[in-house]
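What follows is a single structure, written as structure tokens, with notes after it.
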Amino acid sequence: MRSPTINLESESPEKLKNLLMLDSSSVLEVLRPVQDPELQKSLVELNMIRQVKIDDGVVSFTLVLTTPACPLREFIVDDCRKAVQQLPGVKEVLVDVTAETPQQKSLPDRTGIAGVKNIVAVSSGKGGVGKSTVAVNVAVALAQLGAKVGLLDADIYGPNAPNMLGLADAQIMVQQGEKGEVLEPAFNYGVKLVSMAFLIDIDQPVIWRGPMLNGVIRQFLYQVQWGDLDYLIVDLPPGTGDAQLTLIQAVPMAGAVIVTTPQTVALLDARKGLRMFQQLGVPVLGLVENMSYFIPPDMSDRQYDIFGSGGGEKASQELGVPLIGCVPLEISLRQGGDTGVPIVAAEPESASAQALIAIAKSIAAKVSVAALA
């Protein structure tokens with residue numbers, strides 16, 4: 001991304017005089033060409049440059065990003081510094097970076113959750129593709145990047161998010177509120193979690209028909225003390241059934257992420273799940289290819305395409321949705337899920353963790369673009 005420049009020699013005398021004064025107006029003027037790369041709009045016009053101060057040649061200001069998980073944060077800061085340093089008399093540029101996550105647009109026929117800005121579904125066409133692994137690690141990665149995050153485990157028949165978040169033995173409080181029972185979510189790694197697993201014994205099966213499943217998902221949406229959240233990640237069960245319909249018809253969705261593996265049988269089901277969201281008016285943020293290749297623990301330079309290769313990229317092109325990440329299969333990734341220590345927290349420099357962190361940033365950027373469009 002090229003840094004914008006101001007050619008001071010080409011400016012009008014009046015404007016040049018204002019620029020040379022080194023005040024807040026001149027600082028905003030040179031920052032005006034700097035754009036948010038995702039929104040393609042001026043930072044100044046978006047009111048993302050605030051609290052400009054000048055003290056003996058030291059220029060300081062606050063850069064307000066649209067998400068704490070901005071993937072191009074350092075590029076934007078660098079562009080701002082380069083732009084301001086063009087002004088005569090500038091000795092130093094100090095940029096304080098913060099974020100204000102925009103609220104997803106409301107819909108007249110769907111009720112939002114108080115305090116929750118954006119709801120993102122993580123779904124898959126079939127089971128066994130690592131959907132929950134992606135959902136848990138994306139939630140933790142967003143929290144590590146500074147966002148307020150909740151995770152709703154909507155896989156009522158097979159809830160396993162508590163185990164993956166190290167909350168297998170946690171208990172959630174059930175309080176009596178004005179509108180009935182209110183649940184207090186469990187908390188770990190910066191993520192608030194609600195799951196059916198907290199309400200049943202470990203070996204107890206959930207043998208319910210659709211209406212009961214509908215009721216408990218709505219309870220998890222509206223009768224939980226979520227507080228203020230930038231993102232509520234919803235880990236859906238595989239398929240295109242009751243849980244998906246309940247969520248989509250209940251709340252306004254910022255978007256959905258479809259998880260698949262490279263193999264043909266997984267991609268066939270992923271396509272169906274993706275089309276379901278599109279038909280019901282939910283934007284598909286992208287496709288995640290999990291288990292893209294295997295990295296042996298004793299040979300980190302080797303890659304083995306156990307489930308094939310290129311399937312996610314091909315499906316992405318055919319379906320017209322972006323491939324927002326490919327997550328390799330590592331033993332440590334599986335171990336993290338089993339022991340309750342997500343890979344993005346346990347081994348953040350590993351290949352799988354880096355891929356998942358990049359996916360979290362991409363999701364956050366796309367949600368902000370959609371909210372501000």
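Inspect segment 143-160 for any residue being of a type outside the set (A, V, I, L, M), surrounded by fewer than 16 Cβ atoms within 10 Å (Cβ to Cβ) and farther than 22 Å from I258 by Cβ and give the result as yes or no. Please lay out each step first, then the result.
Here is the first cut: in segment 143-160, the residues of a type outside the set (A, V, I, L, M) are 144, 146, 148, 150, 153, 155, 157-160.
Of the ones still in play, those that are also surrounded by fewer than 16 Cβ atoms within 10 Å (Cβ to Cβ) are 157-158.
Among the residues that remain, those that are also farther than 22 Å from I258 by Cβ are: none.
No, that holds for no residue.
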Taking segment 155-179 on its own, how many of its residues are within 21 Å of R334 (Cα to Cα) and not polar (S, T, N, Q)? 11
Before we move on, is A69 surrounded by fewer than 23 Cβ atoms within 10 Å (Cβ to Cβ) and either over 19 Å from L356 (Cα atoms) or not assigned by TED's automatic domain parsing to the domain that holds D235 (or both)? no
Kindly evaluate D78 against the criterion of being of a type in the set (D, E) and in contact (Cβ under 8 Å) with a residue 60 or more places away in the chain. yes
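Please work out if G281 is on the phi > 0 side of the Ramachandran plot and assigned to a loop (DSSP other than H, G, I, E, B).
Values: on the phi > 0 side of the Ramachandran plot: yes; assigned to a loop (DSSP other than H, G, I, E, B): yes.
In short, yes.
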Name the pairs whose Cβ atoms lie under 6 Å apart, with the first residue in segment 290-307 and at positive phi, the second in a loop (DSSP other than H, G, I, E, B), and 6 or more positions between them or separate chains? M291/T261; M291/F307
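If we only count helices (runs of 4 or more DSSP H) wholly inside segment 1-94, which ones have 1 or more residues that are at pLDDT 95 or above? Walk me through how you get there before you give the answer.
Values: elements: 13-20, 24-31, 73-84.
Correct list: 24-31, 73-84.
Using the structure shown, decide if L268 is within 20 Å of the chain's Cα centre (by Cα) and of a type outside the set (V, I, T). Walk me through it before giving the result.
Numbers: within 20 Å of the chain's Cα centre (by Cα): no; of a type outside the set (V, I, T): yes.
It is false that L268 is within 20 Å of the chain's Cα centre (by Cα) and of a type outside the set (V, I, T).
From the list T101, T111, which one is in contact with an Asp or Glu (Cβ under 7 Å, 6 or more places away or on another chain), under 30 Å from L280 (Cα atoms) and touching a residue at least 24 places away in the same chain (Cβ under 8 Å)? Walk me through it before giving the result.
Numbers: T111 fails: in contact with an Asp or Glu (Cβ under 7 Å, 6 or more places away or on another chain).
Result: T101 is the single residue among T101, T111 that is in contact with an Asp or Glu (Cβ under 7 Å, 6 or more places away or on another chain), under 30 Å from L280 (Cα atoms) and touching a residue at least 24 places away in the same chain (Cβ under 8 Å).
Of these, A256, A270, which one is in contact with a Ser or Thr (Cβ under 8 Å, 6 or more places away or on another chain) and at pLDDT below 95? Before the answer, list the steps.
Numbers: A256 fails: at pLDDT below 95.
That would be A270, the only listed residue that is in contact with a Ser or Thr (Cβ under 8 Å, 6 or more places away or on another chain) and at pLDDT below 95.
If you check S332 against the conditions, is it polar (S, T, N, Q) and either crowded, with 24+ Cβ neighbours inside 10 Å or at pLDDT 95 or above (or both)? Give the steps one after another, and end with the answer.
Details: polar (S, T, N, Q): yes; either crowded, with 24+ Cβ neighbours inside 10 Å or at pLDDT 95 or above (or both): no.
Here the answer is no, as S332 does not meet what is asked.
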Taking the conditions exactly as written (out of contact with any strand residue (DSSP E or B) (no Cβ under 7 Å at 6 or more places or on another chain) and either among the aliphatic types (A, V, I, L, M) or closer than 24 Å to A114 by Cα (or both)), does G281 satisfy them or not? yes
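Among the helices (runs of 4 or more DSSP H) contained in segment 289-373, which hold 3 or more residues that are over 14 Å from T261 (Cα atoms) and among the β-branched types (V, I, T)? Spell out the reasoning first.
On the way: elements: 311-319, 331-339, 343-346, 351-372.
Filter on segment 289-373 gives 351-372.
The values are calculated or read from the model by the stated rules, or taken from the named source; none is laboratory data. Because the structure is a prediction, the values reported are computed rather than measured. As a convention, Cβ positions derive from the backbone with ideal geometry for all residues, glycine included, and neighbour counts pool all protein chains shown.
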